[in-house]
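What follows is one structure encoded as structure tokens, with my remarks underneath.
The values are calculated or read from the model by the stated rules, or taken from the named source; none is laboratory data. Bear in mind that the values here come from a model prediction, so they are computed numbers and not experimental data. Every residue, glycine among them, receives a Cβ derived from its backbone with ideal geometry; neighbour counts consider all protein chains shown.
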Amino acid sequence: MICVEVKNIISRQNNILLSWSLQQVIAAMETQLSNGPTCNNTSNGPSTISNNCSSPVESGSIEDSKTNLIVNYLPQNMTQEELKSLFGSIGEIESCKLVRDKITGQSLGYGFVNYVDPKDAEKAINTLNGLRLQTKTIKVSYARPSSASIRDANLYVSGLPKTMTQKELEQLFSQYGRIITSRILVDQVTGVSRGVGFIRFDRRVEAEEAIKGLNCQKPPGATEPITVKFANNPSQKTSQALLSQLYQSPNRRYPGPLAQQAQRFRLDNLLNMAYGVKSRFSPMAIDGVTSLAGINIPGHAGTGWCIFVYNLAPDADESILWQMFGPFGAVTNVKVIRDFNTNKCKGFGFVTMTNYDEAAVAIASLNGYRLGDRVLQVSFKTNKTHKA
DNA sequence: TGCAATT
């Protein structure tokens with residue numbers, strides 16, 4: 001009964017939350033339609049980890065691999081199984097590998113997905129490139145064949161004029177070779193350039209030539225010379241840095257935008273009112289309160305929090321669930337329930353999220369969301385065993 | 001108003 005109260009309270013909050021949820025989803029769609037990824041670590045992230053903005057291996061558009069994809073800018077805590085689950089929603093996967101640090105086992109934030117069918121690889125690029133997952137916008141592109149000549153071709157550039165754009169940076173470096181990716185880091189709060197950027201060339205020799213030609217040189221119109229050197233390779237971090245990274249609790253959540261934090265507190269208060277406990281978003285805090293023994297915790301399945309999504313269209317697929325819920329936090333599984341014979345969606349599906357607070361925000365934000373011509377109903381999964 | 005399980 002208390003569960004129902006929570007549900008109702010959250011539903012009432014929905015009017016307030018809706019505009020924000022629309023922003024989230026629209027943002028997801030926009031990034032999907034536009035260019036590549038952005039460096040989107042939040043300012044709260046540990047600085048050692050925020051370095052991996054520049055670290056992922058990039059890929060070119062060479063057409064020699066039609067099935068093998070490289071996926072960059074994955075959330076730090078995403079596992080290989082989650083990667084496989086996400087990309088498996090497109091088609092049959094031949095192999096899937098999340099690249100991890102050899103010593104610490106920490107994800108390096110990128111991986112490879114090899115499909116059986118080239119058509120699925122193409123579809124994955126079209127539907128998953130630019131997908132927002134937590135604080136990241138993933139990049140999906142064809143993987144270049146692995147070879148020594150494309151390794152260590154990433155340059156770190158500092159001392160750039162604050163007014164220099166990414167396009168101008170590329171213009172400056174393009175005379176030395178084919179640029180795979182470029183980026184200028186910006187202040188997380190003001191959006192102003194930090195005067196630091198990265199250029200990844202197709203081949204190492206091109207990067208070497210760029211260093212010779214541009215290090216300690218003044219770009220046209222600049223008053224100060226720039227520094228151009230090879231970027232740090234994440235797998236070559238000192239053991240000290242690796243250890244300190246391990247001590248930053250690996251499962252730490254990175255708080256999202258301010259709006260999201262505001263929602264967290266609001267929801268936390270709702271939970272306090274309903275349960276009479278201070279949860280601090282922790283499922284354990286709820287489970288651990290003996291006075292609440294016997295109360296069903298909605299949606300809690302041990303491995304995460306199961307969310308029921310109702311009123312999906314017959315042609316709904318897993319990718320839409322990833323797109324909708326991914327921006328709210330760690331999603332470990334999505335499932336569209338289909339009729340065995342027709343293979344059409346039966347109108348509902350499930351999403352499993354690791355953390356209670358993120359699941360609660362996702363529910364509060366997406367319940368009542370209009371998808372196409374349908375209004376979704378989103379809640380924690382209950383234990384219903386038969387139709388009413 | 002609808003809560004899976006050919007994993």
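A few remarks follow.
Per-residue answers, yes or no, for (1) of a type in the set (D, E, K, R); (2) without any contact (Cβ under 8 Å) to a residue 24 or more places away in the chain; (3) under 24 Å from residue A:326 (Cα atoms):
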position	(1), (2), (3)
A:105	no, yes, yes
A:110	no, no, yes
A:113	no, no, yes
A:117	yes, no, no
A:120	yes, no, yes
A:123	yes, no, yes
A:136	yes, no, yes
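- Wholly within region A:68-140, strands (runs of 3 or more DSSP E) carrying at least 3 residues that are over 15 Å from the mean Cα position of the chain (by Cα): A:93-100, A:107-115
- Criterion (among the small types (Gly, Ala, Ser) and either assigned to a loop (DSSP other than H, G, I, E, B) or modelled with pLDDT under 95 (or both)) met by exactly one of A:222, A:210: A:222
- Cross-chain or 6+ apart pairs with Cβ under 6 Å, region A:174-188 first and within 15 Å of residue A:141 (Cα to Cα), then assigned to a loop (DSSP other than H, G, I, E, B): A:180/A:58; A:180/A:60; A:180/A:202; A:181/A:58
- Those residues of region A:328-352 which are under 26 Å from the mean Cα position of the chain (by Cα), more than 9 Å from DNA strand B (Cβ to nearest atom) and farther than 19 Å from residue A:90 by Cβ, in sequence order: A:328, A:329, A:330
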